[in-house]
Amino acid sequence: MQTEGNALRKLNEPAGVAGKGGSEKLVVIKPPVEKLLYDRQSAAFAVSVSVRTIDYALARREFETRRVGGRVLITAASLRRWAAKDHYGPVAQTAESQKKAA
């Protein structure tokens, strides 16, 4: 009765192999839950950039954020939008580029 993709699977037994042991345990495999908010480290990991790059983007207000206690969390939608764009040029402004902007 065991099939590929079945939510119940016997512990310590490869999928598709009939069990012959007497002590079998069933484990429920749950699908992953989509995150709605990301902290800086999780956001950096999700889009394959450094935490510093996320910090620079936060300073430029490129993300929608939510505050929970003292934590700044980035919304999943704004992280997806940011990842879909191209980002040319330096990540941070240098002192020279700041003088030109002023």
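To make sure I understand, if each residue's beta carbon is the centre and we count other beta carbons within 10 Å, what order do Ile29, Ile74 fall in, fewest to most? Please list the in-between numbers first.
Working: Ile29 9, Ile74 25.
With the fewest neighbours first, Ile29, Ile74 line up as Ile29, Ile74.
What per residue convex hull volume, in Å³, do the alpha-carbon atoms of region 19-61 yield? Intermediate values should be presented prior to the final figure.
Details: hull volume 5.2 nm³, N = 43.
Spelled out: Cα convex hull of region 19-61, divided by residues, is 120 Å³.
What's the extension gain from Tyr88 to Arg71 if we count 0.36 nm per residue and subtract their Cα-Cα distance? Present the calculation step by step, with values, prior to reporting the outcome.
Details: separation 17, 0.36 × 17 = 6.12 nm, distance 2.88 nm.
That pair, Tyr88 and Arg71, stretches by 3.2 nm at full extension.
Only the coordinates and a few stated rules stand behind these numbers; no lab work does. Predicted model, so just to flag it, every value in this text is computed and none were measured. So basically every Cβ, Gly included, is an ideal-geometry build from the backbone, and we count neighbours across all protein chains shown.
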